[in-house]
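> Below: one structure in structure tokens.
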Amino acid sequence: MTTRHNDDDSHGSSNGHSVCLADLQQQGVHELELLCEKRDIERSHSSGRQDLVLALLNDYARDDHRIEGGGILEVLPDGFGFLRSATYSYTPGPDDVYVSPAQIRRFQLRTGHCLEGELRPPKGTEKYFAMMRVTSVDETSPDERPAVLPFEILEAELPSEPLASAVTELAGLQKGHRCLLIVDPLSRTTPFLVEAARGIRAAHPDTHILAMQIDQPPEEVTWLRREIGDDCNVVSSTFAETSARLVHTAEIAHERCCRLVEEGHDVVILLDSLTGLARAHDIESAPSGRLAPGGLDALGVVKTKRFLATARDVADGGSLTIVALTHDGKGSRIDTAVLESVVKHASQVIELT
């Protein structure tokens, strides 16, 4: 009997050629423009990178190419989901892939799972390519995935295994620590992220490293990707983007890390900065009517604490370590309030000079 992994669509015809969505998403605008020109695809001058990817996908589908793709799942409140691309730091766009509620229920999928499979083009009034057949969930056949405990109920132990002894500033860091690095908000911190990522990678090659830049200058984001983009995952949102965008990036990236820990992996989040995330949480949280010190909304503070609290060394394998840069608060009442609200919950506090 043939096992079907998606909605009830048939695979359709194929001319024997296949196209990988991820390969297109990793191309720059210039390369995508050249591909569109080669295939004589009409496009407007205002077409963005993701619009060009979608135009190419539609053209390949019309020529009966087999379309393969994947991404990180975000499950929405209505039960369906979309696959977001780490290349775009999980920003929603027209080249996202729709995942049906039936697939999500069948394979017990959650936000943060990595899916791969065969896609079909939109039909009728549909706007998005859809997952037709799931071939893998976190690099495992969907029908062979072992049962795992949800991250929220994983038993935490006291950290005991060194993680970054090669990095001078992080010599005492252990798997499962929540480490605060207190920095001057005007200092350049991206080189430290690079040094930390390289030091951890050298000592623990199998560790998953996520460098997360929140509320940072775009040139620092570009530089970080060039320096360590081949060795670890980099997600970012610049200071020019909305607070909602900042929070969305952090939440999807964090959920991805939780899914990896559930499967027994060691994961490290290098966050620059916790202060920027806390400010975004403060803006995006529904007013609770209660103010924390510094004028922050109490609900926004709680969300930031919850993020930091997920760092843990799991009893039966796997760990989540969070190294978060935090502004020293000198001259800023809000930055001081953020620091005071989280510093007592840290496993390790280091002042970078």
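> Being outside any helix (DSSP H, G or I) and either buried (at least 21 other Cβ atoms within 10 Å of the Cβ) or of a type outside the set (Lys, Arg) (or both) is the filter here; which residues of the range 325-338 pass it?
Of everything in the range 325-338, those that are outside any helix (DSSP H, G or I) and either buried (at least 21 other Cβ atoms within 10 Å of the Cβ) or of a type outside the set (Lys, Arg) (or both) turn out to be Leu325, Thr326, His327, Asp328, Gly329, Gly331, Ser332.
> Which of the residues belonging to the range 138-169 are in contact with a Cys (Cβ under 7 Å, 6 or more places away or on another chain) and of a type outside the set (Phe, Trp, Tyr)?
Of everything in the range 138-169, just one residue is in contact with a Cys (Cβ under 7 Å, 6 or more places away or on another chain) and of a type outside the set (Phe, Trp, Tyr), namely Asp138.
> State all residues of the range 339-349 that are touching a helix residue (DSSP H, G or I) at 6+ places or on another chain (Cβ under 7 Å), surrounded by fewer than 18 Cβ atoms within 10 Å (Cβ to Cβ) and under 15 Å from Ile322 (Cβ atoms); if no residue qualifies, say none.
His345, Val349
> Something else about it: Which one of these does Arg225 not meet: (1) in a helix (DSSP H, G or I); (2) modelled with pLDDT of 95 or more?
So Arg225 meets the others, but not (2).
Residues are listed down the side, and each one gets a yes or a no for (1) touching a Pro at 6+ places or on another chain (Cβ under 9 Å); (2) farther than 24 Å from Tyr90 by Cα:
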site: Glu116; (1), (2): no, no
site: Leu119; (1), (2): no, no
site: Lys123; (1), (2): no, yes
site: Glu126; (1), (2): no, no
site: Ala130; (1), (2): yes, no
site: Arg133; (1), (2): no, no
site: Glu139; (1), (2): no, no
site: Pro146; (1), (2): no, yes
site: Glu155; (1), (2): no, yes
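> Find the residue count for the range 189-213, including only residues that are under 15 Å from Leu274 (Cα atoms) and either among the basic types (Lys, Arg) or within 19 Å of the chain's Cα centre (by Cα) (or both).
6
> Please work out which residue is surrounded by the fewest Cβ atoms within 10 Å (Cβ to Cβ), limiting yourself to the range 210-225 and to residues that are touching a helix residue (DSSP H, G or I) at 6+ places or on another chain (Cβ under 8 Å) and among the hydrophobic types (A, V, I, L, M, F, W, C).
Trp223
Yes or no, residue by residue, for (1) out of contact with any His (no Cβ under 8 Å at 6 or more places or on another chain); (2) at negative phi; (3) among the aromatic types (Phe, Trp, Tyr); (4) at pLDDT 90 or above:
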residue: Asp266; (1), (2), (3), (4): no, yes, no, yes
residue: Ala292; (1), (2), (3), (4): yes, yes, no, no
residue: Thr326; (1), (2), (3), (4): yes, yes, no, yes
residue: Gln348; (1), (2), (3), (4): no, yes, no, yes
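> Another question, then. Kindly indicate which of Ser237, Ser243 is of a type outside the set (Val, Ile, Thr), touching a helix residue (DSSP H, G or I) at 6+ places or on another chain (Cβ under 9 Å) and either under 18 Å from Val75 (Cβ atoms) or crowded, with 21+ Cβ neighbours inside 10 Å (or both).
Ser237
> Let me ask another. Being charged (D, E, K, R), farther than 25 Å from Leu163 by Cα and without any contact (Cβ under 8 Å) to a residue 60 or more places away in the chain narrows it down to one residue among Arg306, Arg245, Arg333; which is it?
Arg333
> What residue, of Ala309, Ala298, Ala240, Ala253, is at pLDDT below 90 and hydrophobic (A, V, I, L, M, F, W, C)?
Ala298
> What is the one condition in (1) surrounded by fewer than 15 Cβ atoms within 10 Å (Cβ to Cβ); (2) more than 23 Å from the chain's Cα centre (by Cα); (3) in a loop (DSSP other than H, G, I, E, B); (4) touching a residue at least 60 places away in the same chain (Cβ under 8 Å) that Glu144 does not satisfy?
Tallying (1) surrounded by fewer than 15 Cβ atoms within 10 Å (Cβ to Cβ); (2) more than 23 Å from the chain's Cα centre (by Cα); (3) in a loop (DSSP other than H, G, I, E, B); (4) touching a residue at least 60 places away in the same chain (Cβ under 8 Å), Glu144 fails exactly one: (4).
> May I pose another question? Of all the strands (runs of 3 or more DSSP E) wholly in the range 40-140, which have at least 1 residues that are crowded, with 17+ Cβ neighbours inside 10 Å, under 19 Å from the mean Cα position of the chain (by Cα) and hydroxyl-bearing (Ser, Thr, Tyr)?
Those strands (runs of 3 or more DSSP E) span 97-99.
> Which count do you get for residues in the range 191-203 that are crowded, with 19+ Cβ neighbours inside 10 Å and in contact with a strand residue (DSSP E or B) (Cβ under 7 Å, 6 or more places away or on another chain)?
Total satisfying the criteria: 4.
The values are calculated or read from the model by the stated rules, or taken from the named source; none is laboratory data. Quick caveat, the model's predicted, so the values are computed rather than measured. Reconstructed Cβ throughout: ideal geometry from the backbone, glycine too, with neighbour counts over all protein chains shown.
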